[in-house]
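**Q** First the structure, then my questions, so here it is.
The values are calculated or read from the model by the stated rules, or taken from the named source; none is laboratory data. Keep in mind that what you see is a predicted model, and the values were worked out from it rather than measured. Counting neighbours? That spans all protein chains shown, and the Cβs are built from the backbone with ideal geometry, glycine included.
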Amino acid sequence: MTNHSGRSSAPKKARWTTAKKAEVKKGPKKPHRGQTPRSYDDRAPQARQDRPARREFDRDDRPQRFDRDDRPQRRFDRDERPARREFSRDDRPQRFDRDDRPQRRFDRDERPARREEVVEAPVTVADDNGFAALGLPTPIVARLARDGITAPFPIQAATIPDALAGKDVLGRGQTGSGKTLSFGLPMLTRLAAGERAKPNKPKALVLVPTRELAMQVSDALQPLVHVLGLSHKLVAGGMPYPPQLMALEKGVDLLIATPGRLNDLIERGAVQLDEIAIAVLDEADHMAEMGFLPEITAILDLIPAGGQRLLFSATLDRGIDTVVERYLTDPVTHSTDDATASVATMEHHILLIEPMHKKVITAEVANREGRTVVFVRTKLGADRVAEQLREQGVFAAALHGGLNQGARNRVLGAFRDGKLPVLVATDVAARGIHVDDVSVVLQVDPPADHKDYLHRSGRTARAGDKGTVVTLALPHQRRGMERLAREAGLETVPTRALPGDDVLAATGARTPSGVPVPEHEFRRLLEGEKRQHRRPGGPGRPRGQRSGFRAPRY
């Protein structure tokens, strides 16, 4: 029988619900307190009737294994076992007699002597040594003489006597004029005469604007610190905390730091400045330009009054004059040169070029002999110019704040060692580039003002050496460069230049090879040498067959 929809109208067969199935599968429920438990017969009578009867099993029906008396006999009784073999010490085979041992290759008296450690001969300090005349101790003078440093620069001869006397000093001089030893030598001399530092309480502090400059100050003072038996530590951003914290806990006499990392350590309680006797601000104008003036004043406020203050800066603008008035007591001012004067040993070239020729002319000037520093405005510009130079066959790498500290150290180290001839840098990153023997400074992007021009130019012609400064300017930048040259005291006028002409040849420019630098060489420089780790399977064992491991089969 069907309904109007075509479906059968017969009653459906009853089905168990899911809940009923689950209830039967789980078994009988535990009765609640006070209820009579239901029997299995009441809950599932049909299943009980269809269930087969249990098999009756008697213990006597179990199969017998064997009786104890039926066990097989041993091969022999205990008494019939063969006797143990007797072994005497005299039966052991003799290897050789002591007298038959092979002779040594040589007797003790004939052994070659151990290589003696090379002991450097003491350096004789000449009577006309300029540093000895300034009143510095003999260990420092001898250590400087070992490196061939016997005559002080003008800024050193002017500031060291006053700094040794404990006076506050304001030093103004060009970049590369020897300011590190100007404050380093008298500071270490005074530290050696006093007590050693306590944990977390250094005796002297040197503040510098960048990590690279802090590293170079540390490298310059490290031999002198070692000679005097003092300790020092460099703390800067981008470097791991644990070594710095461990050194501070032991106690360091001299602390070289950047403002940001020092403030961080002060907040952590790792550094206390209440025993600082000598505080030095190096490149103070650059720290103010980078926005560190609030950090500098906060640090100086934590240093006890009455200590010695040494401040070195090329200019006194951007708030540095306020720092001098507030923290220096009756300072002795020493200025070896006018801060706005250009270095006389430099050759200055301002080249007017067309935009289409900028890439080629940059490569020709950067390809000249010696180390070259190329200045650009931005990080992206530094990466772009460095890549363009490598494409034309000039090995160059960029240095800017976007690189991690390891890459920055490797790039700057390769440039300092001569493995990298061309360094492309921004103004901020170039604050710490204090490398000797830089022959050319190439400004692909003109500087903002004459002070930046002098700062960039200071990367070359250091310590009296000669150098060349080349600035590339587009036609619309001509008037700005003429005004900048007047303010910087230059007598150079902009000159038009084309690729390969005589104007470029006067700067020492050379046409590059045009063969691109292999990318793997640049990556090896940037990332460093990778260590070859030995696989657990050992050499010669195929991959997948290492000990304790089997490759799956598919």
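**Q** Name the single residue that is nearest to residue 456 (Cα to Cα) among those in the range 484-504 being without any contact (Cβ under 8 Å) to a residue 12 or more places away in the chain and part of a helix (DSSP H, G or I).
**A** By that ranking, first place goes to 486.
**Q** Which one is nearest to residue 510 (Cα to Cα), of the residues in the range 368-387 that are surrounded by 15 or more Cβ atoms within 10 Å (Cβ to Cβ) and among the acidic types (Asp, Glu)?
**A** The extreme case among them is 387.
**Q** Find the residue count for the range 440-458, including only residues that are under 20 Å from residue 364 (Cβ atoms) and under 27 Å from the mean Cα position of the chain (by Cα).
**A** Of the residues in that region, 2 qualify.
**Q** Quick check on my filter: what residues within the range 214-236 are small (Gly, Ala, Ser) and more than 22 Å from residue 272 (Cβ to Cβ)?
**A** Taking the range 214-236 as the starting set, the residues that turn out to be small (Gly, Ala, Ser) are 214, 218, 220, 229, 231, 236.
Those that are small (Gly, Ala, Ser) and more than 22 Å from residue 272 (Cβ to Cβ): 220, 229.
For (1) under 29 Å from residue 312 (Cα atoms); (2) in a helix (DSSP H, G or I); (3) modelled with pLDDT of 60 or more; (4) charged (D, E, K, R), each residue gets a yes or a no:
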{"site": "104", "(1), (2), (3), (4)": "no, no, no, yes"}
{"site": "112", "(1), (2), (3), (4)": "no, no, no, no"}
{"site": "117", "(1), (2), (3), (4)": "no, no, no, yes"}
{"site": "124", "(1), (2), (3), (4)": "no, no, yes, no"}
{"site": "140", "(1), (2), (3), (4)": "yes, yes, yes, no"}
{"site": "144", "(1), (2), (3), (4)": "yes, yes, yes, no"}
{"site": "155", "(1), (2), (3), (4)": "yes, yes, yes, no"}
{"site": "162", "(1), (2), (3), (4)": "yes, yes, yes, yes"}
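**Q** Given (1) closer than 30 Å to residue 402 by Cβ; (2) in a helix (DSSP H, G or I), identify the lone condition not met by residue 184.
**A** Evaluating residue 184 over (1) closer than 30 Å to residue 402 by Cβ; (2) in a helix (DSSP H, G or I) leaves (1) as the failure.
**Q** On to the next question. Go through the range 153-164 and report how many residues are closer than 15 Å to residue 328 by Cα and over 35 Å from the mean Cα position of the chain (by Cα).
**A** 1
**Q** Look through 393, 401 and report the one residue that is more than 27 Å from residue 288 (Cβ to Cβ) and part of a loop (DSSP other than H, G, I, E, B). Working first, answer last.
**A** On the way: 401 fails: more than 27 Å from residue 288 (Cβ to Cβ).
Selected residue: 393, the only one of 393, 401 that is more than 27 Å from residue 288 (Cβ to Cβ) and part of a loop (DSSP other than H, G, I, E, B).
**Q** Still on this model: Given the criteria within 25 Å of residue 436 (Cα to Cα), free of Cβ contacts under 8 Å to residues at least 60 places away in the same chain, of a type outside the set (S, T, N, Q) and buried (at least 22 other Cβ atoms within 10 Å of the Cβ), does residue 226 qualify? Break it down stepwise before answering.
**A** Numbers: within 25 Å of residue 436 (Cα to Cα): yes; free of Cβ contacts under 8 Å to residues at least 60 places away in the same chain: yes; of a type outside the set (S, T, N, Q): yes; buried (at least 22 other Cβ atoms within 10 Å of the Cβ): no.
For residue 226, the condition - within 25 Å of residue 436 (Cα to Cα), free of Cβ contacts under 8 Å to residues at least 60 places away in the same chain, of a type outside the set (S, T, N, Q) and buried (at least 22 other Cβ atoms within 10 Å of the Cβ) - is not met.
**Q** Hey, among 205, 170, which residue is closer than 20 Å to residue 290 by Cβ, assigned to a strand (DSSP E or B), modelled with pLDDT of 90 or more and of a type outside the set (Gly, Ala, Ser)? Show your work before the answer.
**A** Values: 170 fails: closer than 20 Å to residue 290 by Cβ.
After applying the criteria, what remains is 205.
**Q** Give the residue that is modelled with the highest pLDDT, with candidates limited to residues of the range 306-331 that are assigned to a helix (DSSP H, G or I) and crowded, with 16+ Cβ neighbours inside 10 Å. Walk me through how you get there before you give the answer.
**A** Step one: list which residues in the range 306-331 are assigned to a helix (DSSP H, G or I), which gives 320-327.
After this cut, where a residue has to be crowded, with 16+ Cβ neighbours inside 10 Å as well, the list is 320, 323-324, 327.
Details: 320: 87, 323: 91, 324: 91, 327: 94.
Residue satisfying both the conditions and the ranking: 327.
**Q** If you don't mind, another one. Exactly one condition in (1) under 24 Å from residue 304 (Cβ atoms); (2) crowded, with 22+ Cβ neighbours inside 10 Å is not met by residue 144; state its number.
**A** Condition (1) is where residue 144 drops out.
**Q** Quick one: is residue 214 surrounded by fewer than 24 Cβ atoms within 10 Å (Cβ to Cβ) and outside any loop (DSSP other than H, G, I, E, B)?
**A** Numbers: surrounded by fewer than 24 Cβ atoms within 10 Å (Cβ to Cβ): no; outside any loop (DSSP other than H, G, I, E, B): yes.
Taking the combined requirement at face value, the residue does not satisfy it.
**Q** Consider residue 416 carefully, then state whether it is more than 20 Å from residue 282 (Cβ to Cβ) and at pLDDT 85 or above. Before you say what the answer is, go through the steps one by one.
**A** Working: more than 20 Å from residue 282 (Cβ to Cβ): no; at pLDDT 85 or above: yes.
Taking the combined requirement at face value, the residue does not satisfy it.
**Q** Going through 243, 202, 186 one at a time, which residue ends up being of a type outside the set (Val, Ile, Thr) and surrounded by fewer than 16 Cβ atoms within 10 Å (Cβ to Cβ)? So that I can check it myself, show each step before the final result.
**A** Values: 202 fails: surrounded by fewer than 16 Cβ atoms within 10 Å (Cβ to Cβ); 186 fails: surrounded by fewer than 16 Cβ atoms within 10 Å (Cβ to Cβ).
Only one candidate passes the filter, namely 243.
**Q** Can you give me the number of residues within the range 259-285 that are farther than 20 Å from residue 318 by Cβ and either of a type in the set (Asp, Glu) or touching a Ser or Thr at 6+ places or on another chain (Cβ under 6 Å) (or both)?
**A** 4
**Q** A further question follows. Can you tell me which residue in the range 433-483 is surrounded by the fewest Cβ atoms within 10 Å (Cβ to Cβ), limited to those that are in a helix (DSSP H, G or I) and of a type in the set (A, V, I, L, M)?
**A** Taking the range 433-483 first, the residues in a helix (DSSP H, G or I) are 450-457, 462-464, 475-483.
Among the residues that remain, those that are also of a type in the set (A, V, I, L, M) are: 454, 463, 481.
Numbers: 454: 23, 463: 10, 481: 24.
This residue is 463.
**Q** Oh, and also: If residue 280 passes every condition in (1) buried (at least 19 other Cβ atoms within 10 Å of the Cβ); (2) of a type outside the set (D, E, K, R); (3) part of a helix (DSSP H, G or I) but one, which one does it miss?
**A** Only one criterion is unmet by residue 280, namely (3).
Residues checked against (1) in a strand (DSSP E or B); (2) buried (at least 17 other Cβ atoms within 10 Å of the Cβ):
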{"site": "230", "(1), (2)": "no, yes"}
{"site": "237", "(1), (2)": "no, no"}
{"site": "256", "(1), (2)": "yes, yes"}
{"site": "263", "(1), (2)": "no, yes"}
{"site": "267", "(1), (2)": "no, no"}
{"site": "274", "(1), (2)": "no, no"}
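**Q** Which one is modelled with the highest pLDDT among residues in the range 332-372 that are aliphatic (A, V, I, L, M) and farther than 21 Å from residue 500 by Cα? First the steps, then the outcome.
**A** Initial filter on the range 332-372 (aliphatic (A, V, I, L, M)): 332, 339, 341, 343-344, 346, 350-353, 356, 360-361, 363, 365-366.
Okay, now just the ones that are also farther than 21 Å from residue 500 by Cα, so 332, 339, 341, 343-344, 346.
Values: 332: 93, 339: 44, 341: 47, 343: 56, 344: 63, 346: 83.
Per the criteria, the residue is 332.
**Q** Further question on the same structure: When you go through 385, 373 one by one, which is the residue that is outside any helix (DSSP H, G or I) and not acidic (Asp, Glu)?
**A** Details: 385 fails: outside any helix (DSSP H, G or I).
That would be 373, the only listed residue that is outside any helix (DSSP H, G or I) and not acidic (Asp, Glu).
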